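The structure under discussion appears below in the form of structure tokens.
The values are calculated or read from the model by the stated rules, or taken from the named source; none is laboratory data. Keep in mind the model is a prediction, meaning the values are calculated, not measured. Here the Cβ is made from the backbone with ideal geometry for all residues, glycine too, and neighbour counts use every protein chain on show.
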Amino acid sequence: MGFEVLLKGNNALRLLMGLGVALRISLISAVISIALGTVFGVLMTLKKPAITAFFRIYLETVRIMPQMVLLFIVYFGATKARGINLTAETAALIVFSFWGSAEMADLVRGALQGIPKIQYESSTSLGLSTMQTDRYVIGPQIIRRMIPLSINLITRMIKTTSLVMMIGIVEVLKVGQQIIEANRKVSPNAAFGIFLVIFLLYFAACWPISLLAKYLERKWEN
Amino acid sequence: MNFDVITSYIPLYTEAFFLTIRIGWTGIGLALFIGVFVAFAQHFRVPVLARIAGIYVELFRNTPLLCQLFFLYFGLPKIGITIPAETCGTLGLGLLGGSYMAEVFRSGLGSIPVTQEEGALALGLTRRQMFTYVVFPEALSLSVPGIVGNMIFLLKETSVFSAISLMDLMFTAKDLIGLYYNTTEALFLLVIFYIIMLLPVSVLGSILENKVKIRTYGA
């Protein structure tokens, strides 16, 4: 079945380190996305036509362009057209942050617009200043709503990072392929075992995070 | 940007475009079918099926499509199950999408208030009529935004098919870049064709969402 290959040499360790590369890229992009996306989301609620139009185009671009196409544009296109030489990892970080910020911005905008007007009116009638309203009334509600959604964004980021092997980053799938190729003669069936293990590794990385998001969502429902 | 090059590439892209569309929409069809089936199994708590459906949804929602395709296309032949690339693509997309669609349908079904069911029963409908004429249509209209979102997501995911050597848009672009080094032109066409493929879905989807929204609140 091909599982024996994993026990040879340091193959199992190499796979885990490959997963580490994927997780590192996704966590860095997720942190950038959450920070930038929050700012963008607040900007989108400002009702300034120019800003609104700009973000509409940005969000629609991200909505319809596959991340793989964006990766190719940044990694191959930028080099050819402008002579900018990015490492594959930088290109991946740029693309995933670009994508993630748009997703996050839309979530923040949704959460902000989902706060009923009554909340603002009641705060004002209780004598709170605008800043106090944001700090003590609106802020905590938004944060509660956003934490599960941001955690979900992290799992989506991890899943999307599997694409980086297509621009030559050696992450878990690529390491898997290398191990399979290197052991082609000795264990020709390695592909089954290795890819099954990688499948389960991704599951092991994402499932706990999804469960946490679901748990928090339920806990803070009201 | 060299326009002669672009014109000469268009036929290649058109061919790839139709392949991508075919696999994409067949996959979405399969995903809707699996999704409804799985959501029903979970909603009605069918003894063994509901458990299996739960495991399936968790497994496929928490792994990347690329990983699933590699397992289907390179892994399974080693234990004697060989699936052609195109079927693999459709199946992979269907399985991935099925788990996402199932969640959408399930939350749609779950958010129908009990009063709707009680009202239907009080009017003398049988349980079957209640489900087919009241609960299901309402759940479906609540699910529309989620379904449209998933359709766009799945059409975008088709871009990973090049990894299992299907000649889709991405594969064509990569191939042409490798062969002739006309990177700018190849990427330009790639973007154009993805816009042709996805913009109508995105726009029609928003229109449909607005239509259903009005109906839901019954103004």
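When we screen A:Asp134, A:Asp106 for residues that are in contact (Cβ under 8 Å) with a residue 40 or more places away in the chain, closer than 30 Å to A:Thr52 by Cβ and part of a helix (DSSP H, G or I), the only hit is A:Asp106. On the given criteria, is A:Phe76 of a type outside the set (D, E, K, R), touching a helix residue (DSSP H, G or I) at 6+ places or on another chain (Cβ under 6 Å) and either over 24 Å from A:Gly176 (Cβ atoms) or surrounded by fewer than 22 Cβ atoms within 10 Å (Cβ to Cβ) (or both)? Yes, satisfied.
Conditions (1) farther than 21 Å from B:Ser162 by Cβ; (2) within 12 Å of chain B (Cβ to nearest Cβ); (3) in a helix (DSSP H, G or I), marked per residue:
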site: A:Ile51; (1), (2), (3): yes, no, yes
site: A:Leu70; (1), (2), (3): no, yes, yes
site: A:Ile73; (1), (2), (3): no, yes, yes
site: A:Ala92; (1), (2), (3): no, no, yes
site: A:Ala102; (1), (2), (3): yes, no, yes
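Criterion applied to B:Leu199, B:Leu189 was being within 9 Å of chain A (Cβ to nearest Cβ), out of contact with any His (no Cβ under 7 Å at 6 or more places or on another chain) and closer than 26 Å to B:Thr7 by Cα, and the one residue passing it is B:Leu199. All conditions in (1) within 29 Å of the chain's Cα centre (by Cα); (2) at pLDDT below 90 hold for B:Ala102, with the sole exception of (2). Among the residues of segment B:35-57, just one is within 14 Å of another protein chain (Cβ to nearest Cβ) and without any contact (Cβ under 8 Å) to a residue 12 or more places away in the chain, namely B:Ile55. When segment A:183-222 is limited to residues that are buried (at least 16 other Cβ atoms within 10 Å of the Cβ), among the polar types (S, T, N, Q) and more than 7 Å from every other protein chain (Cβ to nearest Cβ), the one that is nearest to A:Met17 (Cα to Cα) turns out to be A:Asn183. Examine segment B:85-96 for a residue that is within 14 Å of chain A (Cβ to nearest Cβ), within 22 Å of B:Leu66 (Cα to Cα) and over 14 Å from the mean Cα position of the chain (by Cα), and state whether such a residue exists. Yes: one or more hits. Among the residues of segment A:159-179, those that are at the interface with chain B (Cβ under 8 Å from one of its Cβ atoms) and either on the phi > 0 side of the Ramachandran plot or of a type in the set (A, V, I, L, M, F, W, C) (or both) comprise A:Leu163, A:Met165, A:Met166, A:Leu173.
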